[in-house]
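Derivation of every value follows stated rules applied to the coordinates shown; laboratory data play no part. Quick caveat: nothing in here was measured; it's all calculated off a predicted structure. Cβ: placed from backbone, ideal geometry, glycine included. Neighbour counts: every protein chain shown.
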Amino acid sequence: KAGVTQTPRYLIKTRGQQVTLSCSPISGHRSVSWYQQTPGQGLQFLFEYFSETQRNKGNFPGRFSGRQFSNSRSEMNVSTLELGDSALYLCASSLEGQGETQYFGPGTRLLVL
Amino acid sequence: GIQVEQSPPDLILQEGANSTLRCNFSDSVNNLQWFHQNPWGQLINLFYIPSGTKQNGRLSATTVATERYSLLYISSSQTTDSGVYFCAVELSGSSNTGKLIFGQGTTLQVKP
């Protein structure tokens with residue numbers, strides 16, 4: 001089976017712009033979780049989607065949003081980018097999302113200038 | 001909220017040495033995973049181990065859920081083992097669905 005894929009792998013944006021990141025889960029997986037990794041805060045949970053519904057959300061401002069499509073692919077959007085949004089964004093997929101192994105994609109590195 | 005603490009924060013070994021990484025957590029969990037983050041940033045699954053003991057080649061892990069800790073053992077370390085090792089837990093309950101809480105990681109350097 002193909003693993004979790006994320007596009008794009010690298011992205012450079014300027015403050016105030018918006019960005020959309022994409023995640024394709026492992027075939028058959030219906031849960032997708034998103035995480036942000038920064039040197040200062042480590043790995044932090046953003047949100048989780050299952051069957052096109054957001055089931056759980058971390059402590060991030062409303063500028064961070066996401067959605068999931070009927071084929072389980074997910075996108076996350078960050079509007080009005082700030083310098084502090086520079087990070088590695090990782091998505092993970094699992095079958096149902098509860099108490100299961102999460103498999104991570106390679107990540108998208110976002111640099112905000 | 002739950003605290004996930006990993007120790008040591010940094011570890012330097014000579015090739016061939018053994019090591020033990022520890023993860024302490026402050027609440028009951030229904031998922032515990034160990035990851036190795038490669039130099040390109042990807043998190044590689046090592047173990048899904050909410051309880052018990054598992055082994056995979058030179059790596060093994062033990063989680064004692066009642067005492068709220070997990071250990072990752074690396075034997076006969078190789079330079080390719082270098083990188084950051086993360087422990088992550090998921091609490092039970094619908095409000096915690098799909099949410100892994102990560103420790104701060106242990107950075108391992110294996111010298112030839």
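Looking at the range B:35-54, which of the residues that are of a type in the set (Gly, Ala, Ser) and more than 8 Å from chain A (Cβ to nearest Cβ) is surrounded by the most Cβ atoms within 10 Å (Cβ to Cβ)? It comes out as B:Ser51.
Could you tell me whether any residue of the range A:44-51 is in contact with a Pro (Cβ under 7 Å, 6 or more places away or on another chain) and more than 8 Å from chain B (Cβ to nearest Cβ)? There is no residue in the range A:44-51 that is in contact with a Pro (Cβ under 7 Å, 6 or more places away or on another chain) and more than 8 Å from chain B (Cβ to nearest Cβ). Of all the listed residues (A:Leu83, A:Leu21, A:Leu43), the sole one being touching a residue at least 12 places away in the same chain (Cβ under 8 Å), more than 24 Å from B:Ala88 (Cα to Cα) and of a type outside the set (S, T, N, Q) is A:Leu83.
Residues that are in a strand (DSSP E or B) and within 21 Å of A:Gln6 (Cα to Cα) were ranked within the range B:38-71; the one that is nearest to the chain's Cα centre (by Cα) is B:Leu46. Against the condition surrounded by fewer than 22 Cβ atoms within 10 Å (Cβ to Cβ), within 19 Å of B:Ser26 (Cβ to Cβ), of a type outside the set (Ser, Thr, Tyr) and away from chain A (no Cβ under 13 Å), how does B:Arg68 come out, does it pass? Yes, satisfied.
Within the range B:5-31, the set of residues being within 10 Å of chain A (Cβ to nearest Cβ) and under 23 Å from A:Gln37 (Cβ atoms) comprises B:Val29, B:Asn31.
Can you name every residue in the range A:41-94 that is of a type in the set (Lys, Arg), out of contact with any helix residue (DSSP H, G or I) (no Cβ under 9 Å at 6 or more places or on another chain) and part of a strand (DSSP E or B)? A:Lys57, A:Arg67 - these are the residues of the range A:41-94 that are of a type in the set (Lys, Arg), out of contact with any helix residue (DSSP H, G or I) (no Cβ under 9 Å at 6 or more places or on another chain) and part of a strand (DSSP E or B).
Taken over the range B:1-37, the residue count meeting the criterion of being in a loop (DSSP other than H, G, I, E, B) and under 14 Å from the mean Cα position of the chain (by Cα) is 2.
Residues in the range B:89-105: is at least one within 16 Å of B:Leu11 (Cα to Cα), of a type in the set (Val, Ile, Thr) and in contact (Cβ under 8 Å) with a residue 40 or more places away in the chain? Scanning the range B:89-105 turns up no residue that is within 16 Å of B:Leu11 (Cα to Cα), of a type in the set (Val, Ile, Thr) and in contact (Cβ under 8 Å) with a residue 40 or more places away in the chain.
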